[in-house]
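Computed from the coordinates by the stated procedures, all read-outs in this text should not be read as laboratory data. For clarity, every value in this text was computed on a predicted model and none was experimentally measured. Note that we place each Cβ from the backbone using ideal geometry, even for glycine, and neighbour counts take in every protein chain shown.
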Amino acid sequence: MRYEAPETVESAAVLLAGTGDARVLAGGTDLLVQMRSDIVDPALIVDIKGIAETRRVTEEKGGWRIGAAVTGAELKEHSRLRQVWPGVVEAANLIGSTQVQGRATLGGNLCNGSPAADSVPALIAAGAVATLAGPKGKRDLPVEDVMLGPRKLALTRGEIVVSFLLPPRPPRSSDAYLRFIPRTEMAIAVVGAGVSLTLDGGGTITAARVSLGAVAARVLLVSEAAQAIIGSRLDEAAQRRLEAAARAACRPIDDKRGTIEFRITGAAGLARRTALIALDRARTS
Ligand SMILES: Cc1cc2nc3c(=O)[nH]c(=O)nc-3n(C[C@H](O)[C@H](O)[C@H](O)COP(=O)(O)OP(=O)(O)OC[C@H]3O[C@@H](n4cnc5c(N)ncnc54)[C@H](O)[C@@H]3O)c2cc1C
């Protein structure tokens, strides 16, 4: 097995496109586990952490650009980002343990291709756009379009996720992420919900995005759930509409971690609770 650590996205793209079974390495918390379990056996590992663009958090066009190889722990240390996008930062910091959070990256969480990945619903709710780079250059793709199904990505051969752009935040905006797991930590989400919203001066929701994880083959952007609360102050009736829309969007599997019915019911309640947290944060942001 060959190991390379290029310092530019162009060199990474050439390496990845030129070898049949090449894998990107970011934090390695999925990749190394899969290698040790003989699930994958790459001929080439391309470590992207030496590429500066993947490792920084910068303000851009009034929003924030987060490198794909920035870790959850690093996001947590970023006080301004934590203030503007608390949901994204809290989602990244639900991944694994303190040790895992020191390695695990947003890019790795998305590109591992798990429908239960914790940071992905938060990124989708945030309206994050992924910047990809490959042999044909750079392109942008909304995060909800990157993952097509379990372990299936829209990335073409040689492409990597370089960074994510979070849009500018109007006043009275915030976000939140909640997940249900059967214990307090170190478990895969049975259901996850991300909500981002903006209020007008009177407390009415003027914009919202709702995303659900672990209830379908890919993480869902649930536009109907957002529409259900836009124009409301998230009163009881709006909460019921949100729950109904979340419930209707779910297409979960039935497994030992949760039945179909449990996941659907959980998604509805979790979407409501997450929206209430985002609302509370937006009122004081
Ligand atoms: C003990 C433990 C607990 C965990 N708990 C959770 C949890 O609670 N929630 C959760 O969501 N996950 C959890 N995970 C899974 C894992 O930690 C996360 O998915 C993590 O975010 C992966 O990031 P990474 O940087 O380590 O990815 P890596 O392992 O480096 O990469 C993961 C995959 O993505 C590809 N890849 C990585 N970065 C890029 C990129 N920029 N462009 C293209 N492809 C890329 C790699 O080739 C690989 O296929 C856990 C893992 C462990 C070992």
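Computed values, structure above
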read-out	value
Given charges at beta-carbon only (K, R positive; D, E negative), |dipole| of the chain in Debye	400
Radius, Kirkwood style, for segment 85-164 when every pair of distinct Cα atoms is counted (Å)	12.9
Highest-MSF residue in the chain out of A271, A176, A245 [GNM, Cα springs under 10 Å]	A245
Inter-part distance where segment 209-236 and segment 99-134 are each reduced to a Cα centre, Å	19
Paramagnetic reach from A52 (point 7 Å along Cα→Cβ, amide N under 19 Å) across segment 9-26	9-13
Candidate lysines for bridging to K256, where Cα separation is under 24 Å - those fewer than 8 sequence places away on the same chain excluded	K152
GluC sites (Glu not before Pro), loop per DSSP, at most 12 other Cβ atoms within 10 Å - longest free stretch of the chain	8-184
Values of log10 I(q)/I(0), in the order q = 0.27 Å⁻¹, for segment 130-193 under a Debye, Cα-only, solvent-free model	-1.09
Cα-based equivalent ellipsoid, segment 5-131: semi-axes from gyration tensor eigenvalues, Å	25, 18, 12
Gaussian network model of the chain, springs between alpha carbon atoms under 10 Å - residue of R272, R36, R240 with greatest fluctuation	R36
Alpha carbon Rg of the chain, scaled by the compact-globule rule 2.2 N^0.38 Å	0.98
Student exercise, segment 229-285 dipole from Lys, Arg, Asp, Glu Cβ charges, in Debye to nearest 20	120
Two-site label geometry, A43 and R251: point separation in nm, points 7 Å out along Cα→Cβ	3.6
Helical segments meeting 18 Å axial Cα length and Kyte-Doolittle -1.0 threshold in the chain (DSSP H)	236-249, 260-284
Hydrodynamic radius of segment 166-285 per Kirkwood, over alpha carbon pairs, in Å	14.3
Furthest towards positive pole of dipole, L165, A278, G202, structure part segment 164-285, Cβ charges	L165
